[in-house]
Structure formats: C-alpha cells, structure tokens
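Asks: Would you mind keeping the following structure in view while I ask a few things?
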Amino acid sequence: MKKLLLIDDDQDFRTMLSVRLEKVGYQVIQAEDGIKGISAFKKNPVNVVVTDIIMPEKEGMETILELKKINPAVKIIAISGGGRSVPEDYLSIAEYFGAVKSFKKPFDMKEFVETIDMLV
C-alpha cells in the first residue's frame, strides 16, 4: 500500500482528505502540526508529505525546511487556504523552500490525487 504523511491543523479537513485518499489506495499517517508531523516522519519515513502552511506550533515553512534536512529526497506538497495574505503568496514561498507542488484550498481532488500518484 502506498503511504503518505498528511500534516494539517484542521481536523475536519484532515479527516476528509484522509478518507478520500484511503479510498484510492493510500495509507495516510496524520499529524495536526509541524512538530507532530516531524515526529511522525522520523518514526514512519514516507516518500510524500502533504503539509498545510498556516498552523500553530510549527508552521508549514519550518516543517518543509526541517523535512528536507532530514531527507532531501522527500517530496512535499504544500496546501493552504491563506492567512494574513493570499494563499498563492505562501504557496510560492513553499515551493521556493522545497515543495514540489502546491495547492490552494479548496483544490480539485482529481488533480491532487494525480499529483500524488506521480510522486509516489
């Protein structure tokens, strides 16, 4: 089974996305912030990480940088609904920091899954 790590502080969104990904054959490891996400990654190394950008404790940018230090080959997808700025601002910075792709919430699920499929 293909496995990925999903880091997002919105429990409802995280659950919904996990269910959708599990229906198409993924095992999803969940974490609610960057600190827990890094810990989960160290315990269960995966090839693909999906991380929100705006989160409490450790934001997505810090998480991306730390994941890349742990494993430079990890493929990261950044997602964001925005914050004080428009989501596109955060997402372009996330790609600069090492995310291979980014999606603005809400995103097209078909395109999202196709992107993950290409990265696994």
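Asks: Over segment 2-119, what is the relative contact order in percent, taking alpha-carbon pairs closer than 8 angstrom and at least six residues apart?
Replies: Normalised by residue count, the contact order of segment 2-119 is 22 percent.
Asks: Through the Karplus equation 6.51 cos²θ - 1.76 cosθ + 1.60, θ set to phi - 60°, convert the phi angles of segment 105-116 into ³J(HN,Hα) values in whole Hz; use x for Gly and Pro.
Replies: 3J(HN,Hα) across segment 105-116, in whole Hz: 6, x, 10, 6, 5, 4, 5, 4, 5, 4, 5, 4.
Asks: Mean-square fluctuation check for the chain, GNM, Cα pairs under 10 Å: which of Gly25, Gly98, Gly37 is largest?
Replies: Among Gly25, Gly98, Gly37, the largest GNM mean-square fluctuation belongs to Gly25.
Asks: Long-range amide H contacts for Asp33: which residues qualify at under 5 Å (H placed 1.01 Å from N, peptide plane, sequence gap of 5 or more or a different chain)?
Replies: Amide H neighbours of Asp33, under 5 Å, 5+ apart: Asp8.
Asks: Taking only the alpha carbons of the chain, what extent do you get along each of the three principal axes, in Å, biggest first?
Replies: 36, 30, 25
Asks: Further question: Using modelled amide H (1.01 Å from N, peptide plane; none on Pro or chain starts), what sits under 5 Å from the amide H of Ile79, excluding residues fewer than 5 places away?
Replies: Here Thr51, Asp52, Ile53, Phe103 satisfy the definition.
Asks: Expected output is a single nm value to one decimal: the length gained when fully extending between Met16 and Glu95, i.e. 0.36 nm times separation in residues minus the C-alpha distance. What is it?
Replies: 26.0 nm
Asks: For the chain, with only Lys/Arg (+1) and Asp/Glu (-1) charged at the beta-carbon, what is the dipole magnitude about the Cα centre, in debye rounded to 20? Walk me through the numbers on the way to the answer.
Replies: Numbers: 17 positive and 19 negative charges, 101 e Å.
Dipole size: approximately 480 debye.
Asks: Right, something else. If I stretch the segment between Ser39 and Glu62 completely, what's the gain in nm (0.36 nm per residue apart, minus their alpha carbon distance), one decimal?
Replies: 6.9 nm
Bear in mind these aren't lab numbers, they're just calculated from the coordinates by the rules spelled out. From a predicted model like this one, the values you see are computed outputs, not experimental measurements. Don't worry about glycine lacking a Cβ; one is built from the backbone with ideal geometry, like all the others, and counts go over all protein chains shown.
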